[in-house]
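Bear in mind that the values in this text are calculations on the coordinates, not laboratory data. Treat the numbers as computed from the prediction; the structure is a model and nothing was measured. Cβ coordinates were reconstructed from backbone atoms using ideal geometry, including for glycine residues, and neighbour counts include every protein chain displayed.
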Amino acid sequence: MARGDIPLTHLYHAYPNNITKETILQRFSVAGITSFETMYFNEFFSDKFTTLQFKHFLRPFNISQRYKPQLVLISRFAIGDMNNPERHENVTFGSLRKGYTESGFEINKLLFGFGLSFTYRYGGYHLPNFEDNIAFKFTFNLTL
């Protein structure tokens, strides 16, 4: 929780990991471990917030001795608010008041530790354009 007159640059964000580009392929990048893949940078700011993340790791597919991809089911939730948002003039942003939700899956360890992630945004901050609610990204997992 932030208290007092905090500048926007020092407020909380919910770990966004999506760049503002036109198409899904232009937004293709590397997935984070705990970040919100469909949330755009500078889209939400809060002076108080909390997040919840569920990841369910299924047993790896035993395709061969060395090739064992793993499916991971993911669901993330964030909620927050901001006192006095009008103090931050000429900047457009949301506050997570309605609750932000996204879910998806990862298929990890497809090739040399690389995998793919697919995430979909839904709920209170679902965007009108279907493509804007989707994130498709690389994953990387290294086992030592």
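Remarks
- Prolate/oblate/rounded label for segment 37-104 (Cα gyration tensor, a/c 1.5): prolate
- Karplus-derived 3J(HN,Hα), 6.51/-1.76/1.60, for each residue of segment 94-104, Hz, glycine and proline x: x, 10, 6, 4, 7, x, 9, 10, 8, 9, x
- Sparsely packed GluC sites (Glu not before Pro) within segment 42-139, loop by DSSP, other Cβ within 10 Å at most 12: E89
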